[in-house]
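Student: A single structure is presented below for examination.
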Amino acid sequence: MRGVRVRGVRVRGVRARVRAPAGRPGPSMAQPAAGRPPTLTGVPLTIETRTPAEITAAELYALLRLRVDVFVVEQACPYPELDGQDLLDDSLQVWAHEDGELLGTIRVLRAGSDHPAIGRVATAGVARGRGVAGALLEHGIALCGPAATIHLHAQAHLEAWYGRYGFERAGADYDEDGIPHVPMVRAPR
């Protein structure tokens with residue numbers, strides 16, 4: 001199976017064991033045993049990364065289902081979630097699970113370019129407030145590489161949250177499907 005080049009490295013079915021974001025353990029995170037690093041719930045969070053050629057139909061279905069549950073159903077925003085970009089050669093699907101339970105997902109577009117985009121950041125209701133979205137965002141930023149200018153379109157109420165990860169406003173608020181959004185960018189580091 002072929003992968004996609006991300007900042008000079010070929011990404012193929014990456015699996016990463018992730019602990020709580022460094023320096024940001026929240027009150028909902030489990031306290032670590034003596035000498036052990038913190039985790040989100042006492043069990044290491046697993047983050048998966050797949051190209052369109054590598055993702056299985058069942059994996060993609062689960063991710064799309066979570067995105068529809070969050071963006072279309074929960075936020076009462078009927079819009080065409082199936083936009084064709086999930087199947088582009090330079091896209092990456094990234095998701096977190098714990099003991100097989102899907103907790104959250106992001107999508108990276110134009111992976112390997114100087115101007116990738118991160119989007120479709122969705123967290124399952126049971127996983128909110130546990131650092132899952134932050135862990136996914138940090139993983140997505142790492143996939144984009146330090147020399148990339150990363151773009152995203154944030155729901156306006158999340159502007160400060162994205163700001164914690166180095167994203168800055170890049171334009172005026174706009175309406176997208178009835179929800180206020182703001183363009184944001186993260187400059188190369």
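Student: Just for the stretch 96-148: of the residues that are touching a residue at least 60 places away in the same chain (Cβ under 8 Å) and under 15 Å from W161 (Cα atoms), which one is nearest to the chain's Cα centre (by Cα)?
Tutor: Filtering the stretch 96-148 for residues that are touching a residue at least 60 places away in the same chain (Cβ under 8 Å) and under 15 Å from W161 (Cα atoms), the one nearest to the chain's Cα centre (by Cα) comes out as L136.
Student: Quick one: in the stretch 148-184, which of the residues that are assigned to a helix (DSSP H, G or I) and aromatic (F, W, Y) is nearest to L109 (Cα to Cα)? Talk me through it step by step, then tell me what you get.
Tutor: Start the filter on the stretch 148-184 by keeping residues that are assigned to a helix (DSSP H, G or I), which leaves 156-163.
In the following step, the residues that additionally are aromatic (F, W, Y) were identified as 161-162.
Numbers: W161: 21, Y162: 17 Å.
Step by step, filter the stretch 148-184, then rank; the result is Y162.
Student: For A117, which of the numbered conditions (1) buried (at least 16 other Cβ atoms within 10 Å of the Cβ); (2) of a type outside the set (D, E, K, R); (3) out of contact with any His (no Cβ under 6 Å at 6 or more places or on another chain); (4) under 23 Å from T46 (Cα atoms) fails to hold?
Tutor: (3)
Student: Sort out which residues of the stretch 135-147 are among the small types (G, A, S), buried (at least 19 other Cβ atoms within 10 Å of the Cβ) and in a helix (DSSP H, G or I), and write them in order of number.
Tutor: Result: A135, G140.
Student: Report, by residue number, each residue of the stretch 35-82 that is assigned to a loop (DSSP other than H, G, I, E, B) and modelled with pLDDT of 90 or more.
Tutor: Of everything in the stretch 35-82, those that are assigned to a loop (DSSP other than H, G, I, E, B) and modelled with pLDDT of 90 or more turn out to be T51, P52, A53, E54, I55, T56.
Student: Counting just the residues of the stretch 149-176 that are under 25 Å from D90 (Cβ atoms) and of a type in the set (D, E), which one comes out farthest from the chain's Cα centre (by Cα)?
Tutor: Only one residue fits best here, namely E176.
Student: Next question. Within the stretch 139-177, which residues are of a type in the set (D, E) and at pLDDT below 95?
Tutor: Once the filter is applied, which keeps residues that are of a type in the set (D, E) and at pLDDT below 95, the stretch 139-177 yields D175, E176, D177.
Student: Here's a follow-up. Considering only residues that are crowded, with 19+ Cβ neighbours inside 10 Å and closer than 15 Å to P116 by Cβ, which ones fall in the stretch 149-161?
Tutor: Applying the first criterion (crowded, with 19+ Cβ neighbours inside 10 Å) to the stretch 149-161 yields 150-152, 154.
Of everything in the stretch 149-161, those that are crowded, with 19+ Cβ neighbours inside 10 Å and closer than 15 Å to P116 by Cβ turn out to be I150, H151, L152.
The values are calculated or read from the model by the stated rules, or taken from the named source; none is laboratory data. Note that the structure is predicted; figures quoted are calculated from it, not measured. Note that we place each Cβ from the backbone using ideal geometry, even for glycine, and neighbour counts take in every protein chain shown.
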